[in-house]
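Heads up, the thing below is written out as C-alpha cells.
The values are calculated or read from the model by the stated rules, or taken from the named source; none is laboratory data. Fair warning: this is a prediction, and the values are worked out from it, not measured in the lab. A quick note on method: Cβ atoms are made from the backbone with ideal geometry, for glycine too, and the neighbour counts reach across all protein chains shown. The accessibility values were calculated without ligands, DNA or RNA, using every heavy atom of the protein model including side chains. Shrake-Rupley method; radii C 1.70, N 1.55, O 1.52, S 1.80 Å.
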Amino acid sequence: MSTTQPYVSVRNLKQHFPITRGVIISRKVGAVRAVDGISFDIPAGETLGLVGESGCGKSTTGRSILRLYEPTDGTVMIGNTDITALSLDELRAQRSEMQMIFQDSYSSLNPRHSVAKIVAEPLVIRGERDQGKLRRRVEELLDLVGLEPDHMKRFPHEFSGGQRQRIGIARALALNPKFVVCDEPISALDVAIQAQVVNLLVRLQKELGLTYLFIAHDLSMVRHISHRIAVMYLGKIMELATYDELFSNPLHPYTQSLMSAVPIPEPKVEKSRSRLLLEGDVPSPSQPPQGCVFSTRCPFATERCRTEIPQPRELKPGHFIACHNVDDPAVGPKIEESRHRIVGSLEDASTGGPDRTFASAPGA
C-alpha cells in the first residue's frame, strides 16, 4: 500500500487468540480476532501512525509484527527478511534490527536495576563485556535522548514519566535498530511532556534514519509525527492515507467520527462544530459482525454492509479505504456531506504542520 519501496511490508496479518473450555481436557470453542487480516507498507525512514479506539488491536499488531506474539497467519517483511519464517534462533539474531518502545515507562523498566544496567542490557545480551565500552555507549545514548551522564547511577523511581520514557527510548536504540514500534509511548504523559517526546522521536528519526510504526489513540497527536496514518477498528484497517490527505479528506465514516472527537481549542468553534456520533458499543472481537465490522455502528450502513466484508481499495493514489458506500450513488453523497461538515469544523483548528514537530516545551 505504498508508492515507494517499503522497508516494512505486512500482508494479511492475523492474530487470533483461542478461547478454550475445560480444566482437565481443554478444547477450543472460539477465538478472539484481535487482528484480522491487515496489510500495509512503511517506506524506509518514514512513520506510519496506527490509530483507533482502545481494544481495536493496535498494540497487538505491533507485538505480532515483532513476533512478541506469534502471528496466526500472514507475512511480515522487514528489509529483505521474512520475519514470520524465521526460527527462534534466527529471530534472536534479527532482534537488533527491530525494537519496541513500550507504553508504560515504569513497568517496562526493572526497578531493581540502575539506568546504566537497563540501557546496557541489550549490549550485554549481545556479548559485550568491556565495561569501558559499555559505559561510553550508555553515556552516548543518554546524551542522544537528552539525559545527563550522572543519571546512569539512578533508578527508575527517581525519574519523572517523561524521563523514564527517554530511558526506554535509549534502551531501544542501544543496538542501532532500523525499525522501531512505538506502542503509545506518550499516552501516559502530560501534554507538555508528550510534545517533548514526540519532538525527540522526530529528531532521532532524522538523525538515525529510523522507520517507525507509531501506535496511538489520539489523532491530533499522531498527526505531528506520521507521514501516513492507518485507522483501525475491531482488528481491521478502515482507511489509510497520508496525514494531510486523511485530515483534509476523511472518507470512511469511522474516520469521520474520530475526527469529530478531536478537541478544538476555540470555545465558539467547539460549541458549534458538527459531529458524527456513534451509537452502541464496539462488538466483541470473538464474535465480530458478519459483514463490515463497523456496520453495527455506522449511520450509513446498508444491507450489503451487514453481509459482505469490504476489501481495502485505492480510491485515490495512496488513499485506501474499506467501505462499500463511499462511492455508492445512493449513500455516497450523505457520507460526503458528513465529511464536508466535519472538515469545515476543523479548518480553524489545525494542529499539524509540514515538519510535524511541536514547539519546544520546558521541563521533563
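Run lengths n ≥ 4 of DSSP H only: what is the helix-derived mean residue ellipticity at 222 nm for the chain, with -39500 (n - 2.57) per run over all residues, to the nearest 500? Can you show the working numbers first?
On the way: 12 runs with 114 residues, N = 364.
Computed mean residue ellipticity for the chain: -9000 deg cm²/dmol.
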Could you tell me which residue out of A216, S87, A172 lies farthest along the dipole of the chain toward its positive end? Charges go on the beta carbon: Lys and Arg +1, Asp and Glu -1, centred on the Cα centre.
S87
To the nearest 20 Debye, how big is the dipole of segment 50-160 about its Cα centre, given +1 on the beta carbon of each Lys and Arg and -1 on that of each Asp and Glu?
360 debye
What size of dipole, in debye to the nearest 20, comes out for segment 2-45 about its Cα centre when the only charges are +1 on Lys and Arg C-beta atoms and -1 on Asp and Glu C-beta atoms?
360 debye
Under a 1.4 Å probe, what is the accessible area of the chain per residue, stated in Å²?
47 Å²
GNM, the chain, Cα, under 10 Å: largest mean-square fluctuation among K271, K236, K316?
K271
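When each pair of different Cα atoms in segment 13-112 is counted once in the 1/r mean, what is the Kirkwood radius in angstroms, to one decimal?
Details: mean 1/r = 0.0636 Å⁻¹.
When all Cα pairs of segment 13-112 are included, the Kirkwood radius is 15.7 Å.
For the pair R135 and S284, what calculated FRET efficiency results from E = 1/(1 + (r/R0)^6), where r is the Cβ-Cβ distance and R0 = 45 Å, to the nearest 0.05? Let's see the in-between values first.
On the way: r = 51 Å, r/R0 = 1.13.
Given R0 = 45 Å and the Cβ-Cβ separation, E is 0.30.
Over the chain, with every protein chain in place, what whole percent of the accessible area is carbon and sulfur at 1.4 Å, could you tell me?
For the chain, the apolar C and S fraction of the accessible surface comes to 50 percent.
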Below 8 Å, C-alpha to C-alpha, sequence gap of six or more: please give me the relative contact order for segment 150-234 in percent.
30 percent
Between Q194, Q94, Q131, find the one with the highest GNM mean-square fluctuation for the chain; connect C-alpha pairs within less than 10 Å.
Q131
Selected from G127, G30, G168 as most flexible by GNM, with the chain as the system and alpha-carbon contacts under 10 Å:
G127
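When DSSP assigns beta bridges and you keep just the ones with both residues in the chain, what percent turn out antiparallel, to the nearest 5? Write down the numbers at each step before the final one.
Values: 31 of 48 bridges.
Bridges in the chain are about 65 percent antiparallel.
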Counting other Cβ atoms within 10 Å, which trypsin sites (Lys or Arg not before Pro) in segment 98-179 have at most 14 and lie in a DSSP loop?
R112, R126, R129
In 10 Å bins starting at zero, report the fraction of Cα pairs in segment 239-329 per bin as a rounded %.
15, 42, 33, 10, 0
Can you give me the angle between helix 191-208 and the longest principal axis of the chain, using Cα atoms only, in degrees from 0 to 90, rounded to the nearest 10?
70 degrees
Whole-Å semi-axes of segment 135-219's equivalent ellipsoid (Cα gyration tensor)
20, 17, 10
